[in-house]
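The values are calculated or read from the model by the stated rules, or taken from the named source; none is laboratory data. Worth saying up front: this structure is predicted, and the values here are computed from it rather than measured. We place every Cβ from the backbone using ideal geometry, glycine too, and count neighbours over all the protein chains shown.
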Amino acid sequence: MKFERESEEIIKLVGGKENVVSLVHCATRLRFKLKKTSVANKAELEKMKDVLSVVNSGGQYQVVIGNKVSDYYDTITKKLGLKEASSEEKGEKVSIISMLFEVISGAFSPLIPALAGAGMVKALLTVLTSFGWMSDSTTTYAILSAAGNGVFYLLPVFLGITLSKKLGGNMFVGGAIGAALLDPSYTGLIGSEGVVDFLGMTVTPIDYASTVFPIFVAMFIYYWVDKLLKKIILKDLQLFLVPMFS
């Protein structure tokens with residue numbers, strides 16, 4: 001394991017193994033959820049060679065590492081024996097706003113590499129076409145454009161997965177809900193003539209490709225619906241009935 005000694009020191013300075021509720025990471029930061037942030041030693045953490053700074057924000061105790069963060073994360077999680085963080089793990093009480101920012105951060109952090117990579121492909125295509133080095137009518141452009149646009153187009157699916165993981169639901173049910181918003185059976189109704197009826201209600205189909213807010217709303221609803229269904233449906237039937245009604 002890399003950075004074994006340094007990882008042990010970080011665990012010690014955030015209050016020890018017993019003080020750590022969960023740990024995730026983004027592109028540059030270790031994001032601890034601690035039972036008590038007051039026992040963490042910020043001053044000593046910031047003296048460590050690889051620690052750039054320490055931030056206590058949004059219900060998370062964030063240790064800024066830089067591009068070595070994934071190596072530190074792997075080593076620390078193994079030493080802590082942490083399971084995947086769930087929404088039911090308890091630490092210090094935080095405000096609703098802090099919890100909201102934590103959910104948003106947890107949803108987007110795993111997607112940063114994919115979004116960054118796709119963004120760079122789109123930027124490269126813009127440069128190539130602007131200088132006349134590639135025509136936007138070629139098949140090469142079309143294929144590269146798909147590589148750049150795919151992540152953004154399917155954003156509701158990816159956010160459905162990461163939000164479900166963060167909130168504590170089933171990741172693949174979350175992804176399926178996002179996929180339903182993009183299915184051709186639904187998108188084909190956009191702009192159609194006549195009334196679009198759903199269970200007796202008139203609805204207006206909207207293009208949800210590349211959107212963020214609708215899937216956030218859908219996942220918060222799914223979180224509560226999932227909890228309710230698990231209370232009222234027999235355990236032997238939950239495997240298929242809970243996802244179906246969700």
If I ask for residues that are among the small types (G, A, S) and in contact with a helix residue (DSSP H, G or I) (Cβ under 7 Å, 6 or more places away or on another chain), which ones from segment 1-52 would you list? S7, G15, A27, A40
All positions within segment 187-204 that are surrounded by 14 or more Cβ atoms within 10 Å (Cβ to Cβ) and either of a type in the set (D, E) or closer than 29 Å to G106 by Cα (or both): T187
When the residues of segment 61-71 are narrowed to those that are touching a Ser or Thr at 6+ places or on another chain (Cβ under 6 Å) and at pLDDT 90 or above, which ends up surrounded by the most Cβ atoms within 10 Å (Cβ to Cβ)? Y61
Segment 33-60, subset assigned to a helix (DSSP H, G or I) and touching a strand residue (DSSP E or B) at 6+ places or on another chain (Cβ under 7 Å), residue surrounded by the fewest Cβ atoms within 10 Å (Cβ to Cβ): E46
Can we say Y223 is within 23 Å of the chain's Cα centre (by Cα), surrounded by 15 or more Cβ atoms within 10 Å (Cβ to Cβ), of a type outside the set (D, E, K, R) and part of a helix (DSSP H, G or I)? yes
Residue ID - surrounded by the fewest Cβ atoms within 10 Å (Cβ to Cβ), chosen from residues in segment 13-31 that are within 19 Å of N67 (Cβ to Cβ) and in contact with a Phe, Trp or Tyr (Cβ under 9 Å, 6 or more places away or on another chain): C26
Search result, residues across segment 227-246 that are within 19 Å of F158 (Cα to Cα) and either loosely packed, with under 11 Cβ neighbours inside 10 Å or at pLDDT 90 or above (or both): P243
